[in-house]
Each structure stands twice: as C-alpha cells, then as structure tokens.
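The values are calculated or read from the model by the stated rules, or taken from the named source; none is laboratory data. Just so it is clear, the model here is predicted, and its values are computed rather than measured. Virtual Cβ from ideal backbone geometry, glycine too; neighbours counted across all protein chains shown.
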Amino acid sequence: MSRELAERRLLRVLVTVVTVFAAACLTAGQASATKTCTGAANSNLCFEINRLSNETFGIDVDIDVYMSQGEALEYIANPGDPLFVLIQGDDSGKLAEPLFAVTLVSLGASAGFGLGGEFERVVTGGMLNEDSGQDEIRAVVTLVDTDTNSVKGTFVSNRITGNWP
Ligand SMILES: [Ca+2]
Ligand SMILES: [Ca+2]
Ligand SMILES: [Ca+2]
C-alpha cells in the first residue's frame, strides 16, 4: 500500500469515528430534552426543558407574537419589559399553581414574526414538582403594554409531562 493511500484510509476511518460519536451525542441529548411549540394563528410559543444533570434543568421559552414590526418596536421602546413568563402547574388540563418566573434574555422586532422574546432559567427538579408523582407544567406568557399598564395578550404553551424531582 502506498503511503498516500494509507493516509487516505486512516482519514476515512477517523471521519467515520467522529460521525458515529456525534450521532451518539445527539441521541443522548434528545433523550433528555423535551420541546413543544403551539404554532397558533396569532403566535408561536415554544417551551423546552433540558436535563442538565440529575438535579438541574434548563428551561427555555421562545415566543413570537405576530404583529407589525412598527407595533413590535413600540412595545420594545416602552419602559420595562413587554413580555413575562410564568411557569405553572397543570391539574386536569387547567392552569394550577404558579411555580416560577423565567428570565428574559432577548427581545426583538421583525417584519416576518412581529415581537419575539427568548427566556431562560436553570432550575432544580424540586421547582418542577407540582404534584406527588407525575407532574404537568406549562409556560404562560403575558404581553403587557407598559405605556398604559394593560395586558394585551396571554399565551399558554402546550403541556410538558415529567416526574420531578
Ligand atoms: Ca398536575
Ligand atoms: Ca398541581
Ligand atoms: Ca412530582
């Protein structure tokens, strides 16, 4: 075998190893993450929980509230944050106990998607534990016009079920 051919074969083996390793990592990640989006007519609200360790969970909430870019810019220009997230328990399909708020990390206005907000927080399993045994939780997003101090909309995510902590 020429040296060039041997090197090429070695490279191919390495590429295969890296590919298999990446696929394994992806599978492991998917096993510990749950994500659900509403795809509603007036908005799209995504709610995601990632297990970070045995005791901690990353909460991600993403919303686009459809409106004109001008209207979205107005919400952003007003004093204070226009979007708030509260994670709540769900009992028999109805919103139940308030659990915790999630921190706003970015806010944007676009012509295609209106007002967008991203929220993140790392919590313990105990904070997600809203019932003994199985737990059901939802993210509730409130849109506030801080100019007039009025609630302009409330958006409720799909339910995520788990058994925390
Ligand atoms: Ca429940
Ligand atoms: Ca409950
Ligand atoms: Ca529980």
Subject >> Residue among GLY93, GLY114, GLY125, GLY133 that is in the same structural domain as ALA77 (by TED's automatic domain parsing) and in contact with a helix residue (DSSP H, G or I) (Cβ under 6 Å, 6 or more places away or on another chain) >> reply: GLY114
**OP:** Check the stretch 82-91 and report whether any residue there is more than 17 Å from CYS37 (Cα to Cα), more than 16 Å from ligand 2 (Cβ to nearest atom) and part of a loop (DSSP other than H, G, I, E, B).
**Re:** yes
Original post:
For residues in the stretch 112-152 being crowded, with 17+ Cβ neighbours inside 10 Å and small (Gly, Ala, Ser), which is farthest from ligand 3 (Cβ to nearest atom)?
Top reply: GLY114
**OP:** Could you check TYR75 against (1) within 16 Å of ligand 1 (Cβ to nearest atom); (2) surrounded by 14 or more Cβ atoms within 10 Å (Cβ to Cβ) and say which number it fails?
**Re:** (1)
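Being out of contact with any strand residue (DSSP E or B) (no Cβ under 9 Å at 6 or more places or on another chain), away from ligand 2 (no atom under 16 Å from the Cβ) and assigned to a loop (DSSP other than H, G, I, E, B), is that true of even one residue in the stretch 149-157?
Step one: list which residues in the stretch 149-157 are out of contact with any strand residue (DSSP E or B) (no Cβ under 9 Å at 6 or more places or on another chain), which gives 149.
Cutting the leftovers down to away from ligand 2 (no atom under 16 Å from the Cβ) gives us 149.
Checking which are assigned to a loop (DSSP other than H, G, I, E, B) leaves us with 149.
Yes, because at least one residue in the stretch 149-157 is out of contact with any strand residue (DSSP E or B) (no Cβ under 9 Å at 6 or more places or on another chain), away from ligand 2 (no atom under 16 Å from the Cβ) and assigned to a loop (DSSP other than H, G, I, E, B).
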**OP:** Return the only residue of ALA139, ALA111 being of a type in the set (A, V, I, L, M), out of contact with any His (no Cβ under 6 Å at 6 or more places or on another chain), within 16 Å of ligand 2 (Cβ to nearest atom) and within 15 Å of ASP64 (Cβ to Cβ).
**Re:** ALA139
Subject >> Test: PHE100 is surrounded by 13 or more Cβ atoms within 10 Å (Cβ to Cβ), away from ligand 1 (no atom under 16 Å from the Cβ) and in a strand (DSSP E or B) >> reply: no
Original post:
How many residues, within the stretch 68-111, are within 16 Å of ligand 3 (Cβ to nearest atom) and among the acidic types (Asp, Glu)?
Top reply: 3
